[in-house]
Amino acid sequence: MKTRLGCLSNKSDSYSDFSEFLPPAHETTARCLKLSTDEVARWSESLDHLLSHKYGLTAFRTFLRSEFSDENIEFWMVCEEYKKMKSSTKLVSTANKIFKEFIDVQAPREVNIDYRTREKTKQSLEDPSPTSLNEVQAMVYSLMEKDSYPRFLKSKMYQDLVNRAHAQGQRRSV
């Protein structure tokens with residue numbers, strides 16, 4: 001792992017069908033980022049804080065990729081973009097892609113949801129609206145909050161970020 005968050009390697013999203021809906025995963029090669037101790041520490045307050053910070057989200061995605069369990073965060077991000085869509089044509093095509101990629105049984109990046117939620121979502125997507133995925137997105141968020149997020153906070157990766165941010169803060173104040 002490089003010394004600063006901005007140097008974390010971000011693989012490109014492996015499913016190009018969704019790349020237009022996901023925010024770009026920038027690699028900062030020429031200039032590494034300096035994060036304050038407060039920013040990095042705030043990520044431990046809640047999953048919302050982590051996901052609402054551009055580099056917190058990047059760090060969390062990188063951590064999940066390292067565990068080969070990034071389908072939940074990728075699904076959550078695609079849902080965030082889906083909610084913003086205005087075109088009914090785009091909603092229909094995107095809803096179908098999301099269902100086939102993440103929700104359907106044996107989907108390539110299947111998220112862990114129960115049968116009832118899967119069926120309810122399938123029905124909801126027959127006439128998609130920007131809120132059609134809200135229930136399943138909330139379920140996936142809850143899974144991340146209870147499982148992935150605590151593992152991230154205990155991870156060596158996050159602890160290294162906290163320590164490096166603290167060390168950078170110490171050097172700046174000298």
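The values are calculated or read from the model by the stated rules, or taken from the named source; none is laboratory data. Note that the structure is a prediction, hence the values are computed from the model and not measured. Glycine also receives a Cβ, built like all others from the backbone with ideal geometry; neighbour counts cover every protein chain displayed. Ligands, DNA and RNA are stripped out before the accessible areas are found, and what is left, the full protein with its side chains, is counted by its heavy atoms. Shrake-Rupley method; radii C 1.70, N 1.55, O 1.52, S 1.80 Å.
Details
- Hits in region 62-76 (condition: open to solvent by 30 Å² or more (accessible area, probe 1.4 Å) and either of a type in the set (A, V, I, L, M, F, W, C) or at pLDDT 95 or above (or both)): 68, 71, 76
- Hey, residue 55 modelled with pLDDT of 50 or more, in contact with a helix residue (DSSP H, G or I) (Cβ under 8 Å, 6 or more places away or on another chain) and over 19 Å from residue 159 (Cα atoms) or not: no
- Matching residues, region 17-35, being modelled with pLDDT of 50 or more and open to solvent by 40 Å² or more (accessible area, probe 1.4 Å): 34
- In region 31-43, the residues that are more than 12 Å from residue 168 (Cα to Cα) and of a type outside the set (Asp, Glu) reach residues that are modelled with pLDDT of 85 or more and surrounded by fewer than 15 Cβ atoms within 10 Å (Cβ to Cβ) with C-beta atoms within less than 7 angstrom, at least six apart or across chains, in these pairs: 42/49; 43/49.
- Selection status of residue 153, surrounded by 13 or more Cβ atoms within 10 Å (Cβ to Cβ), in a helix (DSSP H, G or I) and modelled with pLDDT of 95 or more: yes
- Residues located in region 44-61, provided they are open to solvent by less than 20 Å² (accessible area, probe 1.4 Å) and touching a residue at least 40 places away in the same chain (Cβ under 8 Å): 47, 50, 59, 60, 61
- Whichever residue in region 104-150 is aromatic (Phe, Trp, Tyr) and surrounded by 16 or more Cβ atoms within 10 Å (Cβ to Cβ) and, among such residues, is farthest from residue 91 (Cα to Cα): 149
- Taking the listed residues 101, 39, the one that is surrounded by 14 or more Cβ atoms within 10 Å (Cβ to Cβ), of a type in the set (Asp, Glu) and at pLDDT 95 or above is 101, with no other qualifying.
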